[in-house]
Amino acid sequence: MKLKIKDLDIASGGPLVVILNKKDAMMFDIHHMDRIKIKKGKKIETVVVNIATSSKIVRAGSIGVYEEVITSLKLKNEDKVSIKLARKPLSIDFIRKKLDGHSLTKKEINQIVWDIVHNKLSDSELTYFVAACYTNMMSINETIMLTRAMASHGDILKLDKYPIIDKHSIGGIPGNRTTMILVPLIAAAGLAIPKTSSRSITSPAGTADTMEVLAKVTFSIKKMKQIIEKTNGCIVWGGSLNLAPADDKIITVEKTLEIDAESQLLASIMAKKYSVSSTHILIDIPVGNGTKVKTRKEVLNLKKDFENIGRKLRKHVKVIITNGSQPIGNGIGPALEARDVLWLLKRDKRRPMDLEKKCIAMAYEIFSMAGIKNGKNKAADILNSGLAYDKMKEIIKAQQGSIFNPEKIKIGKFKYEVKAVKSGTVNKIDNRAISRIARVAGAPLNKGAGIYLHKHIKNKVKKGHKLFTIYSESRQKLDFAKEILKTTNAFIVK
């Protein structure tokens with residue numbers, strides 16, 4: 001039997017999905033979430049079925065098709081296709097195996113990753129895989145196999161340079177925009193640093209969100225290579241590239257569930273580094289309240305695993321453990337963080353000195369790995385001479401940006417100042433509370449929204465002094481953020 005194509009003009013965001021009318025589904029004995037094969041000429045695609053209970057969306061004799069299927073089979077409205085029942089992907093059995101707490105083989109992991117990349121798994125099936133790895137953590141060997149599989153099922157950036165530097169922070173701290181300082185600093189020293197960065201999952205801003213305030217971050221791998229060859233560095237959104245594409249789909253699920261499975265975290269980071277041909281990788285693990293890694297035991301285990309995976313992949317990996325007890329920098333949210341970055345690079349007196357101190361320490365570690373002596377002095381000289389700022393301008397231009405002046409960055413026009421209710425010393429800043437307030441105010445979707453910190457831990461304050469300012473692009477979201485203030489204690493002054 002032939003069915004007519006109806007382009008629904010809807011995208012699933014990944015999985016290949018179609019809708020059948022209830023009558024046709026009954027005729028073929030097809031049920032909700034079954035797989036069918038659609039054939040158009042010589043092209044065949046396996047898709048997931050949803051059932052329409054009436055003819056309002058899809059009438060009998062037609063098949064409603066999502067955009068991913070339209071693109072894959074090059075279909076048009078009124079095209080005729082044939083269908084037949086198909087078996088479920090092989091990886092379903094392997095996901096169930098992991099749910100039961102068993103280890104997976106290289107072949108099984110490869111199949112799961114292949115099915116993820118080729119949109120063979122439904123949203124719920126992919127969620128079960130993420131949940132399985134969260135509750136039944138992968139062994140180090142499984143994690144290495146997952147890393148290789150994720151990298152191999154995507155493009156590899158090849159550069160005729162050595163060494164190729166990369167860095168990654170595990171996250172959990174608001175601010176902490178070290179990438180946007182280190183990339184121009186390291187590139188100005190003559191080393192290649194092709195940095196792919198993520199958008200926010202649960203924070204007020206990811207590095208890609210912040211860089212997007214200054215320049216474009218969405219590029220093809222070919223254009224990314226051209227930028228690096230011209231400037232030695234880049235700060236681009238990894239989700240726009242076909243580098244370890246399975247990772248981006250897994251991250252989408254993790255964002256919804258607000259979880260990070262340790263094995264997937266390891267594989268995710270190392271697969272992306274493997275994909276850009278990094279040779280020397282610095283991993284920053286912040287520890288403190290609200291960070292992703294809670295205890296010293298967890299930190300040491302994670303450090304050991306990163307270094308073990310690095311050796312297996314023949315990469316130089318150095319792990320540093322840093323203070324994550326409070327936000328790094330003053331601005332929290334894309335525009336406020338971008339302003340901090342440019343103030344620091346321009347050597348403005350308003351620059352956040354805690355961010356500068358951390359970046360110099362990280363640059364020292366990178367230079368040491370690359371065999372460059374006196375790393376701290378060299379990093380400070382590159383910043384103080386303006387070479388890092390000049391390099392950042394060069395990278396911004398190469399990424400089709402035009403904002404080099406921090407004063408031109410637009411900050412949310414609605415603001416609310418939070419003041420100390422008593423005199424004393426700032427004893428604690430709650431990272432989670434600060435992140436939540438900034439997100440409710442609109443960050444990262446609204447670039448100008450967020451928080452600006454006027455005080456940090458150990459700073460003395462007097463009653464009525466400003467602790468932080470909330471910025472928003474809408475009065476309503478600012479009101480929402482002020483409501484959150486009533487239920488949280490972001491600053492503790494003693």
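The values are calculated or read from the model by the stated rules, or taken from the named source; none is laboratory data. This one's a predicted model, so the numbers in the text were calculated from it and none came from an experiment. Neighbour counts run over all protein chains shown; Cβ positions are idealised from the backbone, glycine included. Note: areas computed on protein heavy atoms with side chains; ligands, DNA, RNA excluded. Shrake-Rupley method; radii C 1.70, N 1.55, O 1.52, S 1.80 Å.
Annotations for the structure displayed:
- Residues satisfying the stated conditions in the stretch 230-249, i.e. part of a helix (DSSP H, G or I) and of a type in the set (Val, Ile, Thr): 231
- Single unsatisfied condition, residue 187 versus (1) open to solvent by 10 Å² or more (accessible area, probe 1.4 Å); (2) modelled with pLDDT of 95 or more; (3) small (Gly, Ala, Ser): (1)
- Qualifying residue in the stretch 197-205 (condition: at pLDDT 95 or above and farther than 21 Å from residue 322 by Cβ): no
- If the condition is being under 22 Å from the mean Cα position of the chain (by Cα) and assigned to a loop (DSSP other than H, G, I, E, B), then the stretch 159-193 contributes 170, 171, 172, 173, 174, 176, 177, 178.
- Residue among 223, 216 that alone is under 24 Å from residue 394 (Cβ atoms) and in a helix (DSSP H, G or I): 223
- Highlighted here are the helices (runs of 4 or more DSSP H) found entirely within the stretch 299-400 that include at least 2 residues which are of a type in the set (Val, Ile, Thr): 353-369, 387-398.
- Test result for residue 417, acidic (Asp, Glu), at pLDDT 95 or above and within 30 Å of residue 486 (Cβ to Cβ): yes
- Among the candidates 480, 404, residue that is touching a helix residue (DSSP H, G or I) at 6+ places or on another chain (Cβ under 9 Å) and free of Cβ contacts under 8 Å to residues at least 60 places away in the same chain: 480
- For the condition closer than 29 Å to residue 388 by Cα and not aromatic (Phe, Trp, Tyr), residue 486 does not qualify.
- The strands (runs of 3 or more DSSP E) found wholly in the stretch 3-99 and carrying at least 3 residues that are open to solvent by 10 Å² or more (accessible area, probe 1.4 Å) occupy 35-40, 43-52, 80-86.
- Taking first residues from the stretch 333-346 that are over 17 Å from residue 471 (Cβ atoms) and basic (Lys, Arg) and partners that are assigned to a helix (DSSP H, G or I) and open to solvent by 10 Å² or more (accessible area, probe 1.4 Å), the Cβ contacts under 7 Å between residues at least 6 apart in sequence or on separate chains come to 346/389.
- Among the candidates 231, 252, residue that is of a type in the set (Val, Ile, Thr) and open to solvent by 50 Å² or more (accessible area, probe 1.4 Å): 252
- Residues in the stretch 215-228 that are in contact with a Leu (Cβ under 8 Å, 6 or more places away or on another chain) and open to solvent by 10 Å² or more (accessible area, probe 1.4 Å) were compared, and the one that is nearest to residue 269 (Cα to Cα) is 221.
- Test: residue in the stretch 152-174 that is of a type in the set (A, V, I, L, M, F, W, C), within 24 Å of residue 453 (Cβ to Cβ) and in contact (Cβ under 8 Å) with a residue 40 or more places away in the chain: yes
- Residue that is least open to solvent (accessible area, probe 1.4 Å), among those in the stretch 425-456 that are in a strand (DSSP E or B) and touching a Leu at 6+ places or on another chain (Cβ under 6 Å): 450
- Looking across 71, 53, one residue alone is polar (S, T, N, Q), without any contact (Cβ under 8 Å) to a residue 40 or more places away in the chain and within 26 Å of residue 153 (Cβ to Cβ). It is 71.
- Selected residue (only one of 415, 422, 486 is touching a residue at least 60 places away in the same chain (Cβ under 8 Å), open to solvent by 80 Å² or more (accessible area, probe 1.4 Å) and not in a loop (DSSP other than H, G, I, E, B)): 415
- Filtering the stretch 331-354 to residues that are buried (at least 24 other Cβ atoms within 10 Å of the Cβ) and aliphatic (A, V, I, L, M) leaves 332, 335, 336, 338, 341, 342, 344, 345.
- Within the stretch 112-151, the set of residues being under 30 Å from residue 32 (Cα atoms), in a helix (DSSP H, G or I) and open to solvent by 50 Å² or more (accessible area, probe 1.4 Å) comprises 114, 123, 124, 128, 134, 135.
- Filter result (of a type in the set (Ser, Thr, Tyr) and either touching a residue at least 40 places away in the same chain (Cβ under 8 Å) or crowded, with 18+ Cβ neighbours inside 10 Å (or both)) within the stretch 278-330: 278, 279, 291, 322, 325
- Selection within the stretch 355-391 - open to solvent by less than 60 Å² (accessible area, probe 1.4 Å), aliphatic (A, V, I, L, M) and out of contact with any strand residue (DSSP E or B) (no Cβ under 9 Å at 6 or more places or on another chain): 360, 363, 372, 379, 380, 382, 383, 388
- Test: residue in the stretch 465-473 that is assigned to a helix (DSSP H, G or I), open to solvent by 20 Å² or more (accessible area, probe 1.4 Å) and of a type in the set (Asp, Glu): no
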